[in-house]
Amino acid sequence: MTVKTQTALVTGATNGIGKAIALRLAADGAFVLVHGRDRARADAVVERIRAAGGTAQAVIADLAAGPDAVRTLAADALAVNGGVDILVNNAAALIPGQSMLAVTDAQLATALAVNVAAPIVLTAGLVPGMKERGTGVIVNMGSNAGTVGMALAGLYGASKSALHSLTRSWADELAPAGIRVNAIAPGPTVTEDNASYREHLEALTQQHPDRRPGTADEVAGLVAFLAGPAAAHIHGAIIPIDGGSTAI
Ligand SMILES: NC(=O)c1ccc[n+]([C@@H]2O[C@H](COP(=O)([O-])OP(=O)(O)OC[C@H]3O[C@@H](n4cnc5c(N)ncnc54)[C@H](OP(=O)(O)O)[C@@H]3O)[C@@H](O)[C@H]2O)c1
């Protein structure tokens, strides 16, 4: 029970890694705000949490819709329990692998809006409440593509590098206020929702030290650790969970 009685907002919790994080934090005792674009999909995750004995509520916003929509999400999240103790900036636009020569204006705008601008605006909307309480945890979902160069993943990787950089700067700014900011940088990760790509993900990891993709539950376990008291002295870390791929 590492995060009992706290309120956690997990963006992009309707699918994949975010869903696993929402389920894990709820199982650990947090009240989870399940964010997504689609009400029915978010409600399905909320129902799953409640069926397991947890507490949750859906909050809906398209993070590509601009700063005002993101500010509305922050206000909606704050209205539920009066504060957000744990923010997981997990949602991302996953740009398909392609040459840098093929990037479209729409992909450029979406990657920057969802992966960079939305976390900035959402975090700025929730930090004042954390400061008032003198405590808070922010976990940003980075990527190994934000740590090392990858052909055909330049735009996505740049957006994740930006999130890694924000993590370090926010950690420096917010630690004196009792707020811990860290990031997780997964490698290829199997989720409930991308199991059909499992063979592809396994092929990608054959040269990695442990020669397998990660799992969403492993990433969720790391988020739970970072949200809990055992991580009290960890600030500004970009923690790889990639089977050692960025260590070699
Ligand atoms: N899976 C991997 O191998 C891997 C590896 C490294 C890093 N990551 C990172 O882990 C995080 C989750 O990845 P995933 O594989 O779980 O992805 P996913 O299954 O595609 O889920 C992405 C989530 O983000 C939400 N989202 C996307 N665009 C949005 C928008 N405009 N507004 C609001 N929500 C939006 C999606 O909501 P909808 O349901 O509405 O689409 C969904 O809930 C991402 O930050 C990703 O970059 C993943």
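No value in this document is a laboratory result; all are computed from the given coordinates. Keep in mind that this is a model prediction, so the values were computed, not measured. Neighbour counts run over all protein chains shown; Cβ positions are idealised from the backbone, glycine included.
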Checklist line | For T191, net neighbour charge (Lys/Arg +1, Asp/Glu -1) across residues whose Cβ lies under 12 Å away | finding: -2
Item checked: Cα long-axis angle, helix 67-81 against the chain (0 to 90 degrees, to the nearest 10) -> 50 degrees
Check: Under the definition of Cα pairs under 8 Å and six or more residues apart, what whole-number percent is the relative contact order of the range 47-138?
Finding: 37 percent
Note to self: Please list, in order, the residues from the range 50-69 whose amide nitrogen is less than 14 Å from a point placed 7 Å along the Cα→Cβ vector of A79.
What the structure shows: 58-61, 69
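Can you give the relative contact order of the chain as a percent, counting alpha carbon pairs under 8 Å and 6+ residues apart?
Details: 519 pairs, mean separation 48.6, N = 248.
Across the chain, relative contact order equals 20 percent.
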Item checked: Neighbourhood charge, 11 Å Cβ-Cβ cut-off, centred on A69 and excluding it, Lys, Arg +1 and Asp, Glu -1 -> -1
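What's the local net charge at R212, with K and R +1, D and E -1, over the other residues with C-beta under 15 Å away?
Details: positive: R198, R211; negative: E199, E202, D210, D217, E218, D242.
So the environment of R212 carries a net charge of -4.
Sorted by mean Cβ packing within 10 Å, highest first, what order do the peptides 228-238, 156-166, 58-68 take?
Working: 228-238: 14.1, 156-166: 20.6, 58-68: 17.8.
Ranked by mean Cβ neighbours within 10 Å, highest first: 156-166, 58-68, 228-238.
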Next item on the list: Using Cα pairs closer than 8 Å and at least 6 residues apart in sequence, work out the relative contact order for the range 110-178, in percent.
Entry: 38 percent
Item checked: Ellipsoid equivalent to the range 138-225 - semi-axes via the Cα gyration tensor, in Å -> 27, 16, 10
Check: Going by alpha carbons, how many degrees (0 to 90, nearest 10) lie between the helix axis of 118-133 and the longest principal axis of the chain?
Finding: 30 degrees
Notebook entry, point to check: Per residue of the chain, what 222 nm ellipticity follows from adding -39500 (n - 2.57) for every DSSP H run with n ≥ 4, rounded to the nearest 500?
Noted result: -13500 deg cm²/dmol
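Give me the one-decimal Kirkwood hydrodynamic radius in Å for the range 7-247, with the sum taken over alpha-carbon pairs. It would help to have the intermediate numbers written out before the result.
Details: mean 1/r = 0.0560 Å⁻¹.
When all Cα pairs of the range 7-247 are included, the Kirkwood radius is 17.9 Å.
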